[in-house]
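The values are calculated or read from the model by the stated rules, or taken from the named source; none is laboratory data. Keep in mind the model is a prediction, meaning the values are calculated, not measured. Reconstructed Cβ throughout: ideal geometry from the backbone, glycine too, with neighbour counts over all protein chains shown.
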Ligand SMILES: [Zn+2]
Ligand SMILES: [Zn+2]
């Protein structure tokens with residue numbers, strides 16, 4: 001299925017590489033539109049940048065979500081099997097980070113991906129993830145058609161360019177639409193992602209590789225874990241997850257309803 005928006009996005013990635021060379025990141029702030037200085041977090045001006053919460057404090061050693069207690073792992077990672085080896089994200093999914101993801105995803109503002117990818121590339125290097133192939137978490141065909149583009153695939157186009165990492169765009173595919181996922185919490189999310197992903201035509205590219213699995217937001221990590229499960233089944237040696245943002249770990253909403 002060819003998606004016009006994604007094809008246009010591919011052209012944009014080519015074009016923006018040239019634009020970057022002439023005028024690196026001298027765009028207006030993504031949120032308020034004011035002129036911002038060169039570089040800068042997530043393409044924001046100094047004022048809007050104050051609305052970002054960097055995910056650099058105490059985070060879960062496994063899923064990378066901001067923790068609320070003095071522990072190494074969040075309860076979800078302690079209690080449930082996680083098929084990814086590690087997950088890290090740039091920001092806490094709230095305030096400006098949430099605004100950026102929402103505007104990007106629902107308004108087809110493809111250029112947002114360039115800024116998001118820049119921050120993700122910096123985190124990737126800082127966290128010394130050392131992956132050999134990039135795989136996007138797949139979006140359902142229905143959602144791609146609805147939005148006009150595959151927002152994670154586009155994010156990966158920028159990121160793979162920045163990191164000089166090969167992209168296995170179709171290593172896994174989404175075979176079941178679990179769009180109700182956002183409304184669910186904890187155990188229901190884990191059950192809702194079962195059987196959602198399957199191998200795709202690029203699956204052979206991940207054999208023996210340390211995969212960098214890319215998504216926009218990590219919520220409970222159930223989606224990333226389900227995608228990583230397929231990658232591990234088809235012999236990925238390791239799966240590290242990189243997202244633009246992740247939610248704060250919340251005991252109250254996530255772990256009600258028992259354990260798996
Ligand atoms: Zn601003
Ligand atoms: Zn965790």
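With (1) in contact with a strand residue (DSSP E or B) (Cβ under 7 Å, 6 or more places away or on another chain); (2) away from ligand 2 (no atom under 16 Å from the Cβ) as the list, and residue 96 as the residue in question, which single condition is left unmet?
For residue 96, the failing item is (1).
Tell me yes or no: at least one residue of region 128-149 is at pLDDT 95 or above and part of a helix (DSSP H, G or I).
No, that holds for no residue.
Can you tell me how many residues within region 61-93 are at pLDDT below 95, buried (at least 24 other Cβ atoms within 10 Å of the Cβ) and more than 10 Å from ligand 2 (Cβ to nearest atom)?
Count: 0.
Among the residues of region 43-80, which ones are assigned to a helix (DSSP H, G or I) and away from ligand 1 (no atom under 16 Å from the Cβ)?
Matches in region 43-80: 75, 76, 77, 78, 79.
Somewhere in region 22-38, is a residue at pLDDT 85 or above, over 16 Å from the mean Cα position of the chain (by Cα) and within 12 Å of ligand 2 (Cβ to nearest atom)?
No, that holds for no residue.
Within region 83-91, can one find any residue that is closer than 26 Å to residue 112 by Cα, assigned to a loop (DSSP other than H, G, I, E, B), away from ligand 1 (no atom under 16 Å from the Cβ) and within 16 Å of the chain's Cα centre (by Cα)?
Within region 83-91, none of the residues are closer than 26 Å to residue 112 by Cα, assigned to a loop (DSSP other than H, G, I, E, B), away from ligand 1 (no atom under 16 Å from the Cβ) and within 16 Å of the chain's Cα centre (by Cα).
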